Amino acid sequence: MGTFPNNKKWKEIFIFIFFLLLSFGFWFLQTLQQDYEKKIEIPLKMRNVPKNWVISEESTKEIRIVLKDKGTTLIYYIWKSSFSSIDISLANVSASNDSTIVITNKMLRSAMDRRLASSTAITSIEPPDVTLKYDKLSSKSVPVIPELKVITKQGFQIFDSIKIENPTVTLYSSKKILDRVNVVKTKPVILNNVSKTKEVTAELNLPEGVRVDDETVKIIIPIEEFTEKTFQLPVFCTDIPEGFMLRIFPATVDVVCNIPVSHFKELTEELLKIHVLFKEFKDNRVSGKLSLKLTGKPDWLRDVKIVPENVEFIIEQMNQ
């Protein structure tokens, strides 16, 4: 086994490392007191845009600015994310006849100076002036499509149609942009473990450069508890031609209805019917089998299972 170095030797090593780090720290702090230049790309964010304008997609979206200050100040700007965007107000900006607006170098500097320490100098801005193109707003009404994922509790389901308080919205943008938009979807809404009707507010997922009066819509999702109700129904065929006899096997079938609890008493056997035309039997005479479906039911009843789904039959021609 090796011998562990004596404490005196380790003490000397630790002292050496300590003074080395201390020297590096002093050197680093001294270095940061010097002046440096830093180029930063800053997105432009327009405020107070006139209601009948829309800024064109081709307009400049960011500027590149060079700042000069002590290293500590520049590091602080980066650490605080001070330039995630720069706000430019168009309230007092005059538009030219060719549908352009010029954000002057003076305006850009003024907007930046409000975010900078007094010691920080702006050495350059690229581009020096920003030219924005705008279009007059057009309008277009389009349907709203909800992006929903609804997971209900066991035994509960969505009943009836999902309703949107304002199923259409009016969009405002340039004609060029609106020509590409035919529907607007909501941002995804996820609901879990739902056991009653829910009303949610969803944000509209608007294309870039499009405005609306209200960026949200209310969505009503009807949820009810469901249960099964079973009926035995005969298979009817009332238009059998004279001289023919139809035998159906089985002559009665089970109809299993998955229904909301609130409609349990309302659903009766009289509201359900399986009526098959003789022509359908005749068309399937070779196979001797026919698939069944309900021909009479309430509009709200959607989830139905017939057992068995198919019946066998024999068509006999009687001697005259």
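The values are calculated or read from the model by the stated rules, or taken from the named source; none is laboratory data. The structure presented is a predicted model; accordingly, all values stated were derived computationally and were not measured. Here Cβ is always computed from backbone atoms with ideal geometry, including for glycine, and neighbour counts include all displayed protein chains. When the accessible area is computed, the model is the full protein with side chains, heavy atoms only, and any ligands, DNA or RNA have been set aside. Shrake-Rupley method; radii C 1.70, N 1.55, O 1.52, S 1.80 Å.
How many nm separate the modelled label positions at GLN317 and LYS305, each set 7 Å beyond the Cα in the direction of the Cβ?
That separation, rounded to one decimal, is 4.1 nm.
Which order do LYS198, LYS106, LYS133 take when ranked by solvent-accessible area (1.4 Å probe, heavy atoms of all protein chains), largest first? It would help to have the intermediate numbers written out before the result.
On the way: LYS198 75, LYS106 165, LYS133 110 Å².
So the residues, ranked largest to smallest area, are LYS106, LYS133, LYS198.
What lysines sit close enough to LYS51 to cross-link, taking a C-alpha to C-alpha distance under 21 Å and skipping anything fewer than 8 places away on the same chain?
Answer for LYS51, where 21 Å is the Cα cut-off: LYS61, LYS133, LYS136, LYS140, LYS175, LYS176, listed by chain and number.
Can you list residues from other chains, or at least 5 along the same chain, whose modelled amide H is less than 5 Å from the amide H of SER174?
Those qualifying (amide H under 5 Å, at least 5 residues apart or on another chain) are SER138.
Between PHE264 and THR100, what FRET efficiency comes out of the Förster formula 1/(1 + (r/R0)^6) with R0 = 51 Å and r the beta carbon distance, rounded to 0.05?
0.15
Less than 18 Å apart at the alpha-carbon level, and either on another chain or at least 8 residues along: which aspartates and glutamates does that give for LYS282?
ASP239, GLU242, GLU312, GLU316
Averaged per residue, what accessible area in Å² does segment 54-180 show with a 1.4 Å probe, protein chains only?
57
Each residue of segment 41-54 in turn: what ³J(HN,Hα) in whole Hz from Karplus with 6.51, -1.76, 1.60 and θ = phi - 60°, glycine and Pro shown as x?
Couplings: 9, 10, x, 9, 10, 8, 10, 6, 6, x, 4, 9, 10, 9 Hz.
Before rounding to the nearest 500, sum -39500 (n - 2.57) across all DSSP H runs of length at least 4 in the chain and divide by the residue total; then give [θ] at 222 nm in deg cm²/dmol.
The helix contribution divided over the chain gives -5000 deg cm²/dmol.
Extension gain GLN154-THR201, at 0.36 nm per residue separation less the Cα-Cα distance, in nm? All intermediate terms of the calculation are to be shown ahead of the outcome.
Numbers: separation 47, 0.36 × 47 = 16.92 nm, distance 2.47 nm.
Extending this stretch completely gives an extra 14.5 nm.
Full-extension gain between SER138 and ARG285, please, as 0.36 nm times their residue separation minus the C-alpha to C-alpha distance.
46.7 nm
Heavy atoms only, 1.4 Å probe, whole protein assembly: order GLU208, GLU270 by accessible area, highest first.
Per-residue accessible area, sorted high to low, gives GLU270, GLU208.
List every DSSP H helix in the chain whose Cα atoms extend 18 Å or more along the helix's own long axis and whose mean Kyte-Doolittle hydropathy is at least -1.0.
7-32
List the lysines whose Cα sits under 21 Å from the Cα of LYS265, skipping any in the same chain fewer than 8 residues away.
LYS196, LYS229, LYS273, LYS297, LYS305
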